[in-house]
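Novice: This is the structure I have questions about; it appears just below.
The values are calculated or read from the model by the stated rules, or taken from the named source; none is laboratory data. Computed from a predicted model, the values in this text were never measured in an experiment. Note that we place each Cβ from the backbone using ideal geometry, even for glycine, and neighbour counts take in every protein chain shown. Protein only, heavy atoms only, side chains kept; ligands, DNA and RNA dropped before computing areas. Shrake-Rupley method; radii C 1.70, N 1.55, O 1.52, S 1.80 Å.
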Amino acid sequence: MRSSALPFSYFIIVALIFASVIAIDLVTSGTISLFTPLLDTLGIILIILVAYTAGVAVLIHRIADDSSRFTAVRIFMTVLLGIGAFLALTTWIDDPKEIALTLGVIVGAVLIALRDFIQNMIGSLMVLVTGIFRIGDRIQIRGVYGLVMDIGVFRTTLMKLDPEAGDHPTGEIVTIPNGIIFKENVTNTTRHLSVVTDEIRITLPFSADLEKARDVLVGAIRKHTMEIEKRARDEISKLSERKFLHSFDVKPVVNLQMSDNGIVFILKYFTTSKDLAALKTAIIRDVSATIPEIKDTGEN
């Protein structure tokens with residue numbers, strides 16, 4: 001994860017500008033009235049820089065998870081920028097009525113001229129505060145499935161993943177405007193539940209022993225999904241304590257359908273996004289080894 005600390009050069013630049021303004025003010029004997037609010041503004045900037053550095057140090061020390069830490073730093077930075085902008089405005093305008101009027105005019109003009117930008121900024125705040133998704137989550141939005149790499153002020157960056165290859169990165173980086181969360185559904189496969197369902201379809205002849213085939217197929221699945229089933233039960237139980245959710249069975253399910261070529265076995269089971277392809281491959285390999293035995297039993 002990239003460092004959240006500010007470069008020391010920022011402090012040096014602000015300090016040099018601050019010293020230069022003081023020197024010019026002394027030389028001119030304070031005849032230039034703009035220097036006073038300018039010095040106050042520079043002082044506010046310096047205080048904001050120090051507060052940000054101290055706050056980030058505390059957050060890094062207290063939050064171990066990288067994604068949670070990144071989100072907390074972004075929220076903290078946004079709040080500090082808002083406070084700093086308001087305080088800087090008060091240094092240039094003394095009358096509270098003028099401040100309110102100025103803010104109203106600025107807000108109105110900005111809302112009209114920068115509607116899309118404002119929507120993206122509000123979307124960014126909504127994402128950071130509500131946790132619709134976080135850094136490191138796997139989400140699908142606007143037909144794009146990927147790993148959240150960054151949540152910026154205006155846009156979110158995703159590394160596109162290939163679900164058929166076990167969520168292997170494709171190398172394609174996609175940026176999506178944050179305001180899209182107000183218009184599109186967001187599917188998060190890692191926020192509340194780290195497990196997803198998958199299925200395998202196998203066609204067996206009409207002469208196959210259906211009961212034995214079911215037992216063999218379920219056994220092949222459970223051989224690879226026992227730990228995932230336990231995790232699914234725990235996560236569903238925790239989720240049902242926070243939200244309205246009926247409990248449901250997480251064991252593999254086998255459904256049957258008729259086709260012209262035989263009986264279609266539809267195997268549904270829980271897996272994880274990152275292990276989806278590898279787990280399906282392992283199950284198919286085991287199932288393929290048992291299919292001759294099932295056919296032979298049914299034909300005898």
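Novice: Just to check your reading of the model, which residue among 264, 253, 218 is open to solvent by 60 Å² or more (accessible area, probe 1.4 Å), of a type in the set (A, V, I, L, M) and either in contact (Cβ under 8 Å) with a residue 24 or more places away in the chain or touching a strand residue (DSSP E or B) at 6+ places or on another chain (Cβ under 7 Å) (or both)?
Specialist: Of the residues listed, the single one that is open to solvent by 60 Å² or more (accessible area, probe 1.4 Å), of a type in the set (A, V, I, L, M) and either in contact (Cβ under 8 Å) with a residue 24 or more places away in the chain or touching a strand residue (DSSP E or B) at 6+ places or on another chain (Cβ under 7 Å) (or both) is 253.
Novice: Also, I was wondering about something else. Looking at segment 91-107, can you tell me whether even one residue there is at pLDDT 75 or above, crowded, with 16+ Cβ neighbours inside 10 Å, in a helix (DSSP H, G or I) and in contact with a Leu (Cβ under 8 Å, 6 or more places away or on another chain)?
Specialist: no
Novice: It is to be established whether one or more residues within segment 179-192 are over 13 Å from residue 144 (Cα atoms) and in a strand (DSSP E or B).
Specialist: no
Residue by residue, here is whether (1) open to solvent by 60 Å² or more (accessible area, probe 1.4 Å); (2) farther than 30 Å from residue 263 by Cα; (3) among the β-branched types (Val, Ile, Thr) holds:
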| residue | (1), (2), (3) |
| --- | --- |
| 121 | yes, yes, no |
| 128 | no, yes, no |
| 137 | no, yes, no |
| 153 | yes, yes, yes |
| 184 | yes, yes, no |
| 188 | no, yes, no |
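Novice: Mind listing just one residue for me: the one in segment 24-46 that is open to solvent by 50 Å² or more (accessible area, probe 1.4 Å) and at pLDDT 70 or above and, of those, nearest to residue 57 (Cα to Cα)?
Specialist: If we take residues in segment 24-46 being open to solvent by 50 Å² or more (accessible area, probe 1.4 Å) and at pLDDT 70 or above, then 46 is nearest to residue 57 (Cα to Cα).
Novice: Taking segment 225-240 on its own, how many of its residues are open to solvent by 60 Å² or more (accessible area, probe 1.4 Å) and in contact (Cβ under 8 Å) with a residue 24 or more places away in the chain? Give the derivation first.
Specialist: Of all residues in segment 225-240, those open to solvent by 60 Å² or more (accessible area, probe 1.4 Å) come to 226-227, 230-231, 233-234, 238.
Still in the list and also in contact (Cβ under 8 Å) with a residue 24 or more places away in the chain: 231.
Counting residues in segment 225-240 that are open to solvent by 60 Å² or more (accessible area, probe 1.4 Å) and in contact (Cβ under 8 Å) with a residue 24 or more places away in the chain gives 1.
Novice: Of these, 164, 172, which one is at pLDDT 90 or above, over 15 Å from the mean Cα position of the chain (by Cα) and either over 30 Å from residue 240 (Cα atoms) or of a type in the set (Asp, Glu) (or both)?
Specialist: Only one candidate passes the filter, namely 172.
Novice: Now for a different question. Does residue 110 satisfy being surrounded by fewer than 20 Cβ atoms within 10 Å (Cβ to Cβ) and at pLDDT below 85?
Specialist: It is true that residue 110 is surrounded by fewer than 20 Cβ atoms within 10 Å (Cβ to Cβ) and at pLDDT below 85.
Novice: Give segment 224-250 a look and list any residue that's in contact with a strand residue (DSSP E or B) (Cβ under 8 Å, 6 or more places away or on another chain) and assigned to a loop (DSSP other than H, G, I, E, B), or say none.
Specialist: Scanning segment 224-250 gives a single hit, 250.
Novice: Right, something else. How do the pairs read when you match residues in segment 272-300 that are in a helix (DSSP H, G or I) with residues anywhere that are at pLDDT below 80, using Cβ under 6 Å and keeping only pairs 6 or more apart or on different chains?
Specialist: Every condition considered, the pairs that remain are 276/166; 277/165; 277/166; 278/166.
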